[in-house]
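Every number in this text was worked out from the coordinates using simple rules, so none of it is lab data. Note that the structure is predicted; figures quoted are calculated from it, not measured. Don't worry about glycine lacking a Cβ; one is built from the backbone with ideal geometry, like all the others, and counts go over all protein chains shown.
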Amino acid sequence: MTQRPTPQRTCVACRRVDDKRSFVRLVRDAEGDVHVDPSGKAPGRGASVCASIACFESAVTKNRFASALRASLGEEDVERLRHEFEDVLQTRGASAPGTGR
Ligand SMILES: [Zn+2]
């Protein structure tokens, strides 16, 4: 059996390098809107951040998403992205059995 190496990504907040599955991807679509991309496969310019709200907040504070995605993010965008990001974290957490709730 041949195992393909998993593509590596770098967190835009803390610069940690790991395989792409341990990150959450944000993507800027053709209209210039930024979304969280749970599949990691959406077309468009992407930015990866650790699956951690701390890195998300850090990236927001340092304006890393805006520069990585070449998009301008208003407060409402950040607020929406934070909800989407937390949803992804919950979904991933929920896939591990026996963690309650
Ligand atoms: Zn990070």
Between T91 and Q8, the two model label points (7 Å from Cα along the beta-carbon direction) sit apart by a distance in nm of 2.8
Post the alpha-carbon centroid distance, the range 4-39 to the range 54-86, in whole angstrom. 13
On a 0 to 90 degree scale, rounded to 10, what angle separates helix 75-94 from the longest Cα axis of the chain? 0
Projected onto the charge dipole of the range 1-41 (+1 at Lys/Arg Cβ, -1 at Asp/Glu Cβ, origin at the Cα centre), which of G40, T2, L26 gives the Cα projection farthest towards the positive end? T2
About the Cα centre of the chain, how large is the charge dipole given +1 on each Lys and Arg Cβ and -1 on each Asp and Glu Cβ? Please answer in debye to the nearest 20. 620
With H35 itself left out, Lys, Arg at +1 and Asp, Glu at -1 over residues whose Cβ is under 9 Å from its Cβ give -2
Sparse-neighbour loop sites [trypsin sites (Lys or Arg not before Pro); the range 8-68; at most 12 other C-beta within 10 Å; DSSP]: R15, K41, K62
What does the chain give for Rg and for Dmax, in Å, if only its C-alpha atoms count? 13.9, 48
Could you check the simple spin-label distance between H35 and R15, using points 7 Å along Cα→Cβ, in nm with one decimal? 3.2
I'd like the FRET efficiency for R45 and M1, computed as 1/(1 + (r/R0)^6) with the beta carbon distance as r and R0 of 41 Å, rounded to 0.05. 0.75
